[in-house]
1. Considering (1) buried (at least 24 other Cβ atoms within 10 Å of the Cβ); (2) more than 16 Å from ligand 2 (Cβ to nearest atom), say which one residue 139 fails and leave the rest.
2. Kindly state which strands (runs of 3 or more DSSP E) lie completely within the stretch 35-147 and contain at least 2 residues that are farther than 28 Å from residue 11 by Cα and touching a residue at least 40 places away in the same chain (Cβ under 8 Å).
3. When you scan the stretch 73-94, do you find a residue that is on the phi > 0 side of the Ramachandran plot and more than 14 Å from ligand 1 (Cβ to nearest atom), even just one?
4. So residue 104 fits all but one of (1) under 25 Å from the mean Cα position of the chain (by Cα); (2) within 15 Å of ligand 1 (Cβ to nearest atom); (3) surrounded by fewer than 21 Cβ atoms within 10 Å (Cβ to Cβ); (4) on the phi < 0 side of the Ramachandran plot; what number is the exception?
5. Looking at the structure I just gave you, is residue 388 in contact (Cβ under 8 Å) with a residue 12 or more places away in the chain, touching a helix residue (DSSP H, G or I) at 6+ places or on another chain (Cβ under 9 Å), among the β-branched types (Val, Ile, Thr) and not in a helix (DSSP H, G or I)?
6. Kindly provide the set of residues from the stretch 257-300 that are small (Gly, Ala, Ser), in contact with a Lys or Arg (Cβ under 7 Å, 6 or more places away or on another chain) and either within 16 Å of ligand 2 (Cβ to nearest atom) or at pLDDT below 95 (or both), ordered by number.
7. I'd like to check which helices (runs of 4 or more DSSP H) are fully inside the stretch 282-371 and have at least 2 residues that are closer than 25 Å to residue 408 by Cβ and in contact (Cβ under 8 Å) with a residue 12 or more places away in the chain.
8. Out of 77, 70, I need the residue that is more than 30 Å from residue 247 (Cα to Cα), surrounded by 16 or more Cβ atoms within 10 Å (Cβ to Cβ) and in contact with a strand residue (DSSP E or B) (Cβ under 9 Å, 6 or more places away or on another chain). Which one?
Amino acid sequence: MGQVMGPKMQDRLILGQCLFYDADPRLAGPSGLRHSVRGAVLIRDGIITGVGEADDLRRAHPQADLTDHGNHLLLPGFVDAHTHYPQTAIIASWGKRLIDWLNTYTFPEETRFDDAAYAAEIAARYFDLTLANGTTTVASYATIHPASVDAYFAEAQRRGLRALTGKTCMDRNAPEGLRDTAQSAYDDSARLLAHWHGQGRLSYVITPRFSPTSSPEQLEALGALWAEHPSCLMQTHISEQVDEIAWVKSLYPDARDYLDTYEAHGLLGANGVYGHAIHLEPREVDRLAEVGAAVVHCPTSNTFIGSGLFDMGLADRMRVGLATDTGGGSSFSMLRTMAAAYEVAQLRGVALHPAELIWRATAGSAEALRLDHKIGSLKPGIEADLCVLDLASTPAIAQRAERAEDIWEALFPTIMMGDDRAVAQVYVAGEPVTP
Ligand code: GUN
Ligand code: ZN
């Protein structure tokens, strides 16, 4: 007798316009991204196994389960490289700049995350919102409460998402109920890391909030933890507002500059991800580039909180991710974030090409998070997290896109004016999701 065969593994073939990435468009120009008017992505077991022309792949895989998105554009799911899921409910809070904004809105809200049920409710709401916006991977800060990390990872795991977070450590300059200690920050982070890091698609990120809310002892303890787990990412904030930088100088009088407060405590390295990085001094730029660190541009936050204009020229020297920074950022959407990045660059006299914007919101952020071998592009071997964009999602966008003569003219109106209505479908690990 023959062997009993298991169910045949079902291939999924998804058709639409596609953008395939051959090279970083900042270095290679827009032709680093290849457009197919009638392309396809073949998926098996949650992984992309083939990409190319729809006709070719259909002929080669006649049994595949077919989904045709017509004129819609297939992209990798967006990757949001810096966000604060616990700030979901206080997004768009009026009238403050960074330090006042933290004290007035953010810290009181984060205090509520000692309640595990509340953390779970907000984590679910947050992933509903990010998925509706086509974002399939988020690197979030949690709060000081270990339960806020558990809630986020449990929700991401339930949805099969690749996701990153870490307990946000603070032992000073934060209110009662929102402070840990150097020792408890180390112990809680170590325990959470051991439990979650590498479980399925989840990665733990060592997370000192920023130098003003950590004592030198706490930075030292987290530097020691990072040295024990060098393959982990470490995320923090740097040089977001001028007042903040002055405060850091007063708290760390011996430091050469803001970056030095991290370096002196073992928190500068190639797996470091530094959010904002607006007002860097030349030495700091040189040093970040020298060690191979990444920075993350959060443009809706930088305009909303009034922080300043990020210099995308940094991308010539280091990996630069793109992020919402919800809820300092004013949106959950990476489309709105690309629009803000475009406008911020314009204010600096630079017009970012749509190819660079799209690449940075996907592959660029994946690179910043050292995940470009897993997510962020439509390539064989990459996990099949996809975002399908309708390039005519509103009358205003449709009438503009109608005049387009190439894919960039067709896509740019959606970048500048699009939102969750432009997200026609999302796939997570090859499966369609309805947020
Ligand atoms: N710096 C330290 N904490 C935060 C935060 O939660 N949001 C922003 N935008 N900047 C910060
Ligand atoms: Zn932030």
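The values are calculated or read from the model by the stated rules, or taken from the named source; none is laboratory data. Please read all numbers here as calculations on a predicted model, not as lab measurements. Methodologically, a virtual Cβ is constructed for each residue, glycine included, from the backbone with ideal geometry; neighbour enumeration extends over all protein chains shown.
1. (2)
2. Of the strands (runs of 3 or more DSSP E) lying wholly inside the stretch 35-147, those with at least 2 residues that are farther than 28 Å from residue 11 by Cα and touching a residue at least 40 places away in the same chain (Cβ under 8 Å) span 78-84, 135-141.
3. no
4. (1)
5. no
6. Within the stretch 257-300, just 294 meets the criteria.
7. The qualifying helices (runs of 4 or more DSSP H) are 299-304, 334-347, 354-359, 365-368.
8. 77
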